[in-house]
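Bear in mind that the values in this text are calculations on the coordinates, not laboratory data. Just so it is clear, the model here is predicted, and its values are computed rather than measured. Ideal geometry is used to build each Cβ from the backbone, glycine not excepted, and the neighbour counts take in all protein chains shown.
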Amino acid sequence: MPTTANPKDRLIFALDVPDKNEAQRLVKLLHTSVGCFKVGLELFVREGPDILKLIKDHSSAEIFLDLKLHDIPATVRGALRSAATLGVKYITLHATEGEAILETAKEVEGLEVLAVTVLTSMGETQLHDLGFAQNLKVSDVVLDRALRARQSGCAGIICSGEEITQVKQKCGEEFKVVVPGIRPSWSQVVADDQNRIATPAKAIAAGADLIVVGRPIRDSADPLEAARKIVVEIEESINP
Ligand code: C5P
């Protein structure tokens, strides 16, 4: 079963904002209601490692550096080593290229490496358009990559709500499953690019260790209330 007891610790907020001012506002507002802040490319490319210090100055929540590394093994290894000095708990790399890159996860300490299986913005149609065999389902690809990630020493994977149960069955309860593409029933995201979505309750009930929520909180009229509602939904899903 999932690793942390406190419902709020299962919620990762995606700090998908353009600069440190906006990030600081949201960290101050949400730091007692979420367990982790996820820093992605938009913010990290603009602000660099200083943004991580800013988050730590205003919060004791964990930090997830979502850089989705995708390069030759030597470069990914170097990036992981650099990231290991930054005091973040999680980092992501792409599972697309297989073991040579996934195995770099074993070489860093103090950092949980999560492998991105298939982006939640991708559905079957997009996969088939890219040349994947027509009889292949997204879940087949996710499961294959999840198993490779586990065997290579990654701490867990990123997948959608649709694959959680199968991944847990194949990879074991200890292998962390982190799930973005979360859409509470009450949320409305304009021009949504997510494809394989789940509600917080469904994802937690299926066995997600952690859920990643961005726009449903960020774009809400009341982000704090939105985060709190999601934590209640997590709690109710743990103790129905
Ligand atoms: O705004 P929304 O809730 O869709 O945010 C989802 C977050 O999760 C984004 O920051 C995105 O980069 C990230 N993510 C994802 N799908 C993956 C991996 C990460 O949507 N497979």
Query raised in the report: the chain: Rg/Rh from Cα coordinates, Kirkwood Rh?
Result: 0.94
Query raised in the report: What lysines sit close enough to residue 56 to cross-link, taking a C-alpha to C-alpha distance under 20 Å and skipping anything fewer than 8 places away on the same chain?
Result: 8, 20, 28, 38, 89
Requested in this report: Place the peptides 146-153, 72-79 in order of packing, highest mean first, counting for every residue the other Cβ atoms within 10 Å and averaging per peptide.
Outcome: 146-153, 72-79
Query raised in the report: How big is the shadow of the Cα convex hull of the range 60-199, averaged over all directions, in nm²?
Result: 9.7
Query raised in the report: Dipole magnitude of the chain about its Cα centre, charges +1 at Lys/Arg Cβ and -1 at Asp/Glu Cβ only, in debye to the nearest 20?
Result: 300
Report task. On a C-alpha basis, how far is the centre of the range 96-148 from the centre of the range 1-48 in Å? Whole number, if you could? Result -> 24
